[in-house]
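The values are calculated or read from the model by the stated rules, or taken from the named source; none is laboratory data. Keep in mind that this is a model prediction, so the values were computed, not measured. FYI the Cβ positions are ideal-geometry reconstructions off the backbone, even for glycines, and counts take in every protein chain you see.
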Amino acid sequence: MKIRIVDLLKSDIYGIDVYVRGWVRTHRQSKNISFIALNDGSTVHNLQIVIEHVKFEKNMLKTITTGSAIGIKGKFIRSAGGKQQVEVIAGDIEVYGIADPQEYPLQKKEHSLEYLREIAHLRLRTNTFGAIFRMRHNMAFAIHRYFNERGFFYFNTPIITISDSEGAGELFEVKTELKDDFFGSPANLTVSGQLEGELGALALAAIYTFSPTFRAENSNTFRHLSEFWMIEPEVAFNDINDNMDLAEDFLKYLIRYALENCESDLAFLNDNVDNGLMDKLHFVANNEFMRLPYSKAIEILQESGRQFDYPVKPGIDLCAEHERHLVEEYFRRPVIVTDYPKEIKAFYMKQNEDGKTVRAMDVLFPKIGEIIGGSEREADYTKLLQRMKELNMNTEKLWWYLESRKFGTVPHSGFGLGFERLMLFITGMTNIRDVIPFPRTPRNANF
Ligand code: 4AD
Ligand code: MG
């Protein structure tokens, strides 16, 4: 019976012949017998394989070293040894691929995360990265499940666009070898699917995107990637308060999903990466987020008496250090900051009556700072057009976006969750390069 190790370890089919395949983590030899720890990627736990030397050819056994790939047919039994409860007594061994111990870089000792980043093609085979990428899959699944259960439609927005929805000038240009202007005008990789997502919401009522996005930000930080995945729900008839409720409920759902469905990977990360991980996840899943306007946040930061690297005064954009002070020192819980000055936020946000602030909301998390950015959108054609002109934007290029405010416009809101920032929080890792299989950052697209 062909079976994955995760399923085998949960089963009680003792005495049955099983067939498992995977990669050797360790091979321990004594005089007449060998013990192999086999991992097939389905779980952080290894399966112990017992090999009685007399049954097999010596030269073949020598090739079963750390990193090699093998298939085992054998009997699944309760283990006599103390450390593990079950094992497989090998009856038949097939060696698929050897891994020369002189060359294979993942030996038993612990490797630093920096070193593992240089061998991204092999780090996937370590316990830590196995746990992270299984969890990444589970979170992606939970995201689709959350929205599907609530009547949202998965909506696909283009990767190649001619607009800059965030207006931050961080575009990667798209060119071909044939022509500079293949599309008739300069094109770029999308920084966000929001503008097209809004069109989806103004037709299907509630949509979400889940796509790669690209930003040529020249910032080498623990929380920035040049290519990252974003989840962007957009909902017709939602105001800023509905939007905050959705963001909070969504994040709590995802954390609960991880706690309920990724037990062994989380336990591993809690033991080996961040001892406070489980407590942090439980706390955030079960406590209300703090909500406050930007002006109040600035007051708190100014009154803190702390020397920030970037000094605090009204009008500044909040940096990671400010965000983390609010979350980790002051409120000690996730925080949603609203009503930012319009100058530091994107053109599409709905303006408040004061003429100075916009209905923006950033969700700030411990260790990470901003995990979500969103807003209620300006639904009024005249106000939107005026704001675009104030910012000297090319209104012709976004004619289709403006038209959505001419025909059947409604209040609507949405936000973007950075998938890798969520993964940082869920796994307890501290560098965003370690929660995406093949990270892209300035001067680094090796794999
Ligand atoms: O705050 P941002 O720029 O918002 C938008 O793009 C809106 N269009 C979203 C919307 O309202 N639909 O980005 C949203 C989130 C951030 O809060 C952060 O989590 C993540 O995307 N993010 C990044 N993650 C990794 N690397 C980067 N360079 C990121 N830039 C933003
Ligand atoms: Mg933002």
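Which of the helices (runs of 4 or more DSSP H) found entirely inside region 235-338 contain at least 3 residues meeting this: charged (D, E, K, R) and farther than 19 Å from Thr427 by Cβ?
240-261, 294-303
If a residue has to be in a strand (DSSP E or B), in contact with a helix residue (DSSP H, G or I) (Cβ under 9 Å, 6 or more places away or on another chain) and of a type in the set (A, V, I, L, M, F, W, C) to count, how many in region 1-54 make the cut?
Result for region 1-54: 6.
Yes/no per residue for (1) closer than 22 Å to Leu171 by Cβ; (2) assigned to a loop (DSSP other than H, G, I, E, B); (3) not assigned by TED's automatic domain parsing to the domain that holds Val284:
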position: Ala379; (1), (2), (3): no, yes, no
position: Leu385; (1), (2), (3): no, no, no
position: Met388; (1), (2), (3): yes, no, no
position: Met393; (1), (2), (3): yes, yes, no
position: Lys397; (1), (2), (3): yes, yes, no
position: Thr409; (1), (2), (3): no, yes, no
position: Arg421; (1), (2), (3): yes, no, no
position: Pro439; (1), (2), (3): yes, yes, yes
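Working carefully through the options Ala247, Ala267, Ala203, find the one that is away from ligand 1 (no atom under 16 Å from the Cβ), within 21 Å of Phe141 (Cα to Cα) and of a type outside the set (Phe, Trp, Tyr). Give the derivation first.
Numbers: Ala247 fails: away from ligand 1 (no atom under 16 Å from the Cβ); Ala203 fails: within 21 Å of Phe141 (Cα to Cα).
Result: Ala267 is the single residue among Ala247, Ala267, Ala203 that is away from ligand 1 (no atom under 16 Å from the Cβ), within 21 Å of Phe141 (Cα to Cα) and of a type outside the set (Phe, Trp, Tyr).
Taking the conditions exactly as written (assigned by TED's automatic domain parsing to the domain that holds Lys10 and free of Cβ contacts under 8 Å to residues at least 40 places away in the same chain), does Gly97 satisfy them or not?
Spelling it out, Gly97 is indeed assigned by TED's automatic domain parsing to the domain that holds Lys10 and free of Cβ contacts under 8 Å to residues at least 40 places away in the same chain.
Across region 162-194, what is the total count of residues that are closer than 21 Å to Arg405 by Cα, modelled with pLDDT of 95 or more and among the β-branched types (Val, Ile, Thr)?
Step one: of region 162-194, the residues closer than 21 Å to Arg405 by Cα are 162-167, 192-194.
Imposing the further condition that a residue be modelled with pLDDT of 95 or more reduces the set to 192-194.
Keeping just the survivors that are among the β-branched types (Val, Ile, Thr) gives none.
Here the count works out to 0.
Taking region 352-374 only, how many residues are assigned to a strand (DSSP E or B), within 13 Å of ligand 2 (Cβ to nearest atom) and in contact with a Lys or Arg (Cβ under 7 Å, 6 or more places away or on another chain)?
4
What's the number of the condition Arg387 fails, among (1) buried (at least 17 other Cβ atoms within 10 Å of the Cβ); (2) touching a residue at least 40 places away in the same chain (Cβ under 8 Å); (3) within 21 Å of Thr209 (Cβ to Cβ); (4) more than 16 Å from ligand 2 (Cβ to nearest atom)?
(3)
When you scan region 425-436, do you find a residue that is more than 15 Å from ligand 1 (Cβ to nearest atom) and of a type in the set (Asp, Glu), even just one?
no
Look at region 200-238 and say how many of its residues are of a type in the set (Lys, Arg) and out of contact with any helix residue (DSSP H, G or I) (no Cβ under 7 Å at 6 or more places or on another chain).
Going through region 200-238, the residues of a type in the set (Lys, Arg) turn out to be 215, 223.
Cutting the leftovers down to out of contact with any helix residue (DSSP H, G or I) (no Cβ under 7 Å at 6 or more places or on another chain) gives us 215.
So the answer is 1.
Has region 195-217 got at least one residue that is surrounded by fewer than 14 Cβ atoms within 10 Å (Cβ to Cβ) and at pLDDT 95 or above?
Here is the first cut: in region 195-217, the residues surrounded by fewer than 14 Cβ atoms within 10 Å (Cβ to Cβ) are 203.
Remaining after also requiring at pLDDT 95 or above: 203.
Yes, that holds for at least one residue.
Identify all residues within region 105-129 that are assigned to a loop (DSSP other than H, G, I, E, B) and loosely packed, with under 15 Cβ neighbours inside 10 Å; write none if there are none.
Pro105, Gln107, Lys108, Lys109, Glu110, Ser112, listed by residue number.
Go through region 302-325 and give me each residue that's buried (at least 16 other Cβ atoms within 10 Å of the Cβ) and more than 23 Å from Ala168 (Cβ to Cβ).
His325, the sole residue that qualifies.
Every residue, every condition in (1) modelled with pLDDT under 95; (2) under 25 Å from Ser185 (Cβ atoms); (3) away from ligand 1 (no atom under 15 Å from the Cβ), yes or no:
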{"site": "Lys345", "(1), (2), (3)": "no, no, no"}
{"site": "Thr357", "(1), (2), (3)": "no, no, yes"}
{"site": "Leu364", "(1), (2), (3)": "no, no, no"}
{"site": "Glu370", "(1), (2), (3)": "no, no, no"}
{"site": "Lys389", "(1), (2), (3)": "no, yes, yes"}
{"site": "Trp399", "(1), (2), (3)": "no, yes, yes"}
{"site": "Gly414", "(1), (2), (3)": "no, no, no"}
{"site": "Phe419", "(1), (2), (3)": "no, no, no"}
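Taking region 158-213 on its own, how many of its residues are polar (S, T, N, Q) and in contact with a Pro (Cβ under 7 Å, 6 or more places away or on another chain)?
Residues flagged as polar (S, T, N, Q) and in contact with a Pro (Cβ under 7 Å, 6 or more places away or on another chain) within region 158-213 amount to 1.
Restricting attention to region 67-90, does a residue exist that is of a type in the set (Asp, Glu) and exposed (fewer than 11 other Cβ atoms within 10 Å of the Cβ)?
No, there is no match, as no residue in region 67-90 is of a type in the set (Asp, Glu) and exposed (fewer than 11 other Cβ atoms within 10 Å of the Cβ).
Exactly one of (1) surrounded by 18 or more Cβ atoms within 10 Å (Cβ to Cβ); (2) outside any helix (DSSP H, G or I); (3) not hydrophobic (A, V, I, L, M, F, W, C) is unmet by Pro158. Its number?
(1)
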